[in-house]
1. Over all distinct Cα pairs, what is the inverse of the mean 1/r for segment B:107-183, reported as the Kirkwood hydrodynamic radius in Å?
2. For B:Ser95, B:Ser106, A:Ser324, what's the fewest-to-most ordering of other Cβ within 10 Å of each Cβ?
3. Show log10 I(q)/I(0) for segment A:278-334 at q = 0.18, 0.20 Å⁻¹, two decimals, from a solvent-free Debye sum over equal Cα scatterers.
4. Tell me which aspartates and glutamates have Cα within less than 17 Å of A:Lys406's Cα, excluding those fewer than 8 residues away on the same chain?
5. If the elastic network links every pair of Cα atoms under 10 Å, which of B:Arg43, B:Arg237, B:Arg183 fluctuates the most in the Gaussian network model of chain B?
6. Could you work out the pair-distance distribution P(r) of segment A:324-470 from its alpha-carbon pairs, with 5 angstrom bin width and percents rounded to whole numbers?
7. What number in nm² do you get for segment A:73-116 if you take the convex hull of its Cα atoms and divide its surface by four?
8. Check cross-link reach from B:Lys256 to the lysines: straight Cα distance under 27 Å, and skip same-chain residues fewer than eight apart.
Amino acid sequence: MRIARFAALLGFMHVAFPALAADQDQDLQFIPQAVQQAPPAAVPAATAIDTNRNYLEDAFSLTPQRGNLAVPFPSPAPSRWEDRLFLDSRDEWRLRDNLRLTYSGRFNLRAANDLDFPSHQTVLNEVREAYLTWRPVEGAWLDLGRVNLKSGVAVGFNPTDFFRTRSVVEPLTVDPTVLREDRLGTLMLRGQYIWPGGSVTLAYAPRVTQPTAIYNHIELPSFDPMLDRTNAQNRFLLKVSPELHGAFSVEGLLYQGGNRTQIGANLTASVGQRTIAYLEWAGGADAGLIQDALAYGRQTGSFPANAPAPLPADSASRFRNEVSLGFSYVPAGTRLTLNIEYHYNGAGMTQQAWHNWFAAAARRGNIPGVYNALWYIRSYAVDQQQLLSQHTAFVRAAWVDAFVPKLDITALANVSLQDGSGLTQITADYYLSRNWTVGGLASVTFGGRRSDFGSLPQAGGILLRLVRYL
Amino acid sequence: MRWMMRVLLALSVAGVGFSAAAQTPRDIIAAADKVRNPGQPFRSTNTLTEYVSGQPRNQDQLVVYAKEDPATHQFRNLVRYTEPPRDAGKIALFSTPNLWFYDPASKASVRISPQQRLIGQAAIGDVLTVNLAVDYTGTLLGNETITDPEHQQRQCWHLDLQAATDSAIYRRVEYWVEHGSFRPVKAKFYSDSGRLLKILYYRSFREQLGAMRPAEAIIIDAVNSSLVTTIAFGNLRFQDIPEAWFQRDYLPRLPKE
């Protein structure tokens, strides 16, 4: 009897497995007929990899404006509406085995409530990059031409991105990751050597023209390469990145622009499965944002050379730091990447400087040119891509396949830690097909009337865009 | 009576525990790794076709460069997007724990966390060349006959894999490997919380890079089973991949030939 029970048990074990297997075979029902019948997708024969990207985009934007500003904004005011149709190109050609040509640019047609149409302002051609790359030996490269040389590990503010100054022309969004995509490169000679132990980069950008006044949106040159934005002083950069092959990465930078020298560092650390911590820092002697702005205005003829400062400022040239400290985090079970950062600009405006800025307008606004001079300081910070306030916080959330597949949503907030004012923006892009994308964004500035963001003429913005990849 | 007991016992061992006595779970997983991955550096062009409710909807294409790290015996991967046009030129570096993502539009390299292998375009984690024997500890659950996507019955080892390193993409994997051939037939991937995320089948085995290897994988999204992705592994070829390629600053310089 015992044998019979044992044999029955063995028999059960043998039939139990097919039963389990049958459960496993249920999964096959999820494979669509089209897949079951189709042979593996044909893969094109091995050829050179095509990574060129060209697209046509139309972007229509509305910019609601704030009334009753604490400090009146000098003309021209921001456009209330604008439509921009542009062809964006990024192409590379192999000339020889070790010689390549790269071009990147954007050709815009613009119409806006405050632009004559058609006029020379209708056309705006931006040559972002045009350079030759020569590889004399394996691991070494020389680039000559207009090159976008970027540095930095943070998302919202990059103190070590020394070539960012004056490089952004009429942005469509304030998202810093998008600002980096459409900016002018610098005419330079760049050498780079990469070996298994790390890399070293040396760049020299010559001065080819004089500094010019800050552009406004109704006075942009149509076809000028705008080298005055990028090559108005001699600049050098040395960057060293040892390869640590571990959870940490480190990079050191030494930069000289004109008579100003800065040093910088980028550090990242992988913490567990979901977090990357990072620190970006740059420092050097500087007179401060207000003093720099007024000096630039006098140098470029925006003010008379002997124009008095519209407000008191700490003009001492001393060592000042710029810092981005933050982390990225992926919450469990999501397709969301969150970046949270603290930004510090030692040259930026303190709480006292903001008080002085508003007080100067209230006390001396009747003096011609005072409003212009006050707003010039802020325009200068935007033009230089420098933080206006000393302390700010930045949060960005990027959600892939949000709610439905192929819908990406990005939300960001930039908040002054000095007065609590800020800007929020939400962007949505839906990939209709391989070639078509439709998207939009909405932004709002908030804060008191006498605050950083609450004093801006732009109350927010709405933008709709349609993209056709070519 | 005793001899009958012995015969039954021998039969049961032969029937249930066959080959397992000769092969440890680690041996089985390592042998299946060798079927999927050659021992030398190589590159492949992977075409990902996404089906929604049975209809093809999107197609992505990626070029993957893979090289085994002699120190860890795990593969390091470089993944370059070539399709769709909006993603063309983006590159991801996976040399755990050194993970970076380069976008030629912004010309910026951003460090990413291991979890970010599972988000972003086409879940890069699904196309990476990985030696499971390095990242997982296996247990043999038993032997099963399962049906593969080509409707063939396959006698398989059924293994339970638990993540043993931080570089493991999924916390737990159920794995079916065919007796004798060591061909991987099926896998189920689970999240940290134990939720079934994906079901994967291999099919279309053919001679590639000196051995019979799968030419296609079918991935069923277990959370939304109307989503199915196929990955066709094409243009496989051995390629010398210098060590210098596996660092952030090399990404913008990656050759396009």
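Computed from the coordinates by the stated procedures, all read-outs in this text should not be read as laboratory data. Predicted, not measured: the structure shown is a model, and the values here were computed from it. So basically every Cβ, Gly included, is an ideal-geometry build from the backbone, and we count neighbours across all protein chains shown.
1. 14.5 Å
2. Listing B:Ser95, B:Ser106, A:Ser324 from fewest to most nearby Cβ atoms yields B:Ser106, B:Ser95, A:Ser324.
3. These q points yield log10 I(q)/I(0) values of -0.73, -0.82.
4. In chain and number order, the partners are A:Asp429, B:Glu50, B:Asp60, B:Glu83, B:Asp87, B:Asp221.
5. Maximum fluctuation in the GNM of chain B, among the listed residues, is at B:Arg237.
6. 2, 8, 14, 17, 16, 13, 11, 8, 5, 3, 2, 0
7. 5.0 nm²
8. Candidates past the 8-residue exclusion: A:Lys150, A:Lys239, B:Lys67, B:Lys90, B:Lys107.
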